[in-house]
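The values are calculated or read from the model by the stated rules, or taken from the named source; none is laboratory data. Predicted, not measured: the structure shown is a model, and the values here were computed from it. Cβ: placed from backbone, ideal geometry, glycine included. Neighbour counts: every protein chain shown.
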Amino acid sequence: MTTWTPVRWARNGDIELAHDRLTEQQGGEPLLLVTGLGVSRLWWPGGLAEALAAQGFAVARYDQRDGGESTHLPPTATGNPLTALFRKRGESYTAEDMADDAIAVLDALGWDSAHLFGQSLGGAVAQRIALRHPRRVRTLTSVSAVPGDVAGLGTLRHIRLGTLGKLARMRFPATPEGDVEAGIALVRLLHSPAHPLDEQAARDMITGLADAGSHDRHSQSRQIGAQWHGPAISRIKVPTLVLHGADDPLVKPAAGRAVAARIPGAQFVSLPGVGHDLPEPVWKGVALRVRRLADRKGTGGIGRTERGGEGPRPEGSD
């Protein structure tokens, strides 16, 4: 069973940020998991963290502001994540603020720098951290994410609108039971098609979260509406790995390719049969790739595209 330290707290101004560390590999190379839209750090698969620890990393995770146990901002007018994308400025905070939150967590952990591993919105946030705080980032792994410097219509270019519509139509009561059903619906929608979904295991996991983040539309709107005012991702200089599920139902694989193409020396890896999640069969391989990226630090990027054991896919399959 995966074990984590008791929850600890970092502070960025008035924002308190919940975080913890995997108890394995306390002396390993620091690696921070940056979580996705709305959900808490508890959504990270314990087995993935253990696979990373087995590769010599000391793994920590945190709740972004407006997620999990971290500070939630007061209600704002926008309660629709799609609408929030088109606002000229965020109603509560900026994307720079979210990047600075991660640095506050590193400070609280006593880490001068760390490898970053971000998924979905967390991948975009990780890209922004590498831009805003390059000396604090050893390597960057961006998973199933859009380019961190896009906004509005630029973001929609990378999203499957049909899936976005399904997410927008989901409605669940604001009760513990509603939280669980919202989480299960999200897992069903985003899971990897080549890997059978163990729905009972997912239900057990989500029941233990006590987390409304998967259907807290106001918090999600504030997170997704946070605007980036910094440089383009082409300015990222740290060794970068871009992973993307070949069958991602939410973010088009072309988004991952765009990220890799624009970051000098970045490597793109397509994960066959993988959706907008990271199922158990890929954990060991993903961790090994992150290890190789860390070992490559300082030797220059390879700048190539790979498929995770899959033959060529037809053009237009994105």
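Quick notes on this structure:
- Residue within the stretch 286-296 that is in contact with a helix residue (DSSP H, G or I) (Cβ under 8 Å, 6 or more places away or on another chain), at pLDDT below 95 and closer than 20 Å to A51 by Cα present: no
- Residues of the stretch 48-76 that turn out to be farther than 24 Å from V251 by Cα and either in a strand (DSSP E or B) or under 19 Å from the mean Cα position of the chain (by Cα) (or both), as a count: 12
- In the set (1) in contact with a His (Cβ under 8 Å, 6 or more places away or on another chain); (2) at pLDDT below 90, I103 fails one condition alone, (2).
- Failed item in (1) assigned to a loop (DSSP other than H, G, I, E, B); (2) touching a Gly at 6+ places or on another chain (Cβ under 9 Å), with Q26 passing the rest: (2)
- Among the residues of the stretch 185-234, those that are over 20 Å from L167 (Cβ atoms) and assigned to a loop (DSSP other than H, G, I, E, B) comprise A194, H195, P196, D198, G208, A210, Q227, W228, H229, G230, P231, A232.
- The residues of the stretch 235-256 that are over 25 Å from P134 (Cβ atoms), of a type outside the set (K, R) and part of a loop (DSSP other than H, G, I, E, B), listed by number, are A246, D247, D248, P249, L250.
- Qualifying residue in the stretch 124-131 (condition: in a strand (DSSP E or B) and either touching a residue at least 60 places away in the same chain (Cβ under 8 Å) or under 23 Å from V242 (Cβ atoms) (or both)): no
- Residue check for A51: at pLDDT 95 or above, within 21 Å of H276 (Cβ to Cβ) and touching a Lys or Arg at 6+ places or on another chain (Cβ under 6 Å): yes
- In the set (1) surrounded by fewer than 15 Cβ atoms within 10 Å (Cβ to Cβ); (2) out of contact with any strand residue (DSSP E or B) (no Cβ under 6 Å at 6 or more places or on another chain), the condition left unmet by V7 is number (2).
- Each residue in the stretch 139-154 was checked for being buried (at least 22 other Cβ atoms within 10 Å of the Cβ) and not in a loop (DSSP other than H, G, I, E, B), and 5 of them qualify.
- For the stretch 145-165, the count of residues that are at negative phi, more than 20 Å from the chain's Cα centre (by Cα) and either modelled with pLDDT of 85 or more or of a type in the set (D, E, K, R) (or both) is zero.
- Near pairs, Cβ below 8 angstrom, 6+ apart or cross-chain, from the stretch 176-188 (more than 16 Å from D277 (Cα to Cα) and of a type in the set (V, I, T)) to any residue that is crowded, with 20+ Cβ neighbours inside 10 Å and modelled with pLDDT under 85: V180/I206
- All positions within the stretch 155-184 that are of a type in the set (A, V, I, L, M, F, W, C), exposed (fewer than 14 other Cβ atoms within 10 Å of the Cβ) and in a loop (DSSP other than H, G, I, E, B): A174
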